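What follows is a single structure, written as structure tokens, with notes after it.
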């Protein structure tokens, strides 16, 4: 298992709002994206109006300069 940063643009992207950042612990990037999409559904009411910013997703947690992020790593949050 490793930590990943997943970036999701929600419905507010249409108003130039910043994306949501999620830190998740998973076996792979694909699994991390799935976990983050599920988490995103719990913290927003965006429904299906979401886009994963694949080019911004990476292994590791967000840097301090990233600002606020949701921590969904098991045993950490």
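A few remarks follow.
- Residue within region 53-61 that is modelled with pLDDT of 85 or more, loosely packed, with under 10 Cβ neighbours inside 10 Å and under 14 Å from residue 4 (Cα atoms) present: yes
- Every test in (1) surrounded by fewer than 19 Cβ atoms within 10 Å (Cβ to Cβ); (2) out of contact with any helix residue (DSSP H, G or I) (no Cβ under 8 Å at 6 or more places or on another chain) is passed by residue 40 save one, and that test is (1).
- Restricting region 49-67 to residues that are farther than 21 Å from residue 31 by Cβ and assigned to a helix (DSSP H, G or I), the residue that is nearest to the chain's Cα centre (by Cα): 66
- Residue 51 being in contact (Cβ under 8 Å) with a residue 24 or more places away in the chain and in contact with a helix residue (DSSP H, G or I) (Cβ under 8 Å, 6 or more places away or on another chain): yes
- Residue in region 12-33 that is crowded, with 17+ Cβ neighbours inside 10 Å, farther than 13 Å from residue 69 by Cβ and under 9 Å from the mean Cα position of the chain (by Cα) present: yes
The values are calculated or read from the model by the stated rules, or taken from the named source; none is laboratory data. The structure displayed is predicted, hence computed values, not measured ones. Cβ coordinates were reconstructed from backbone atoms using ideal geometry, including for glycine residues, and neighbour counts include every protein chain displayed.
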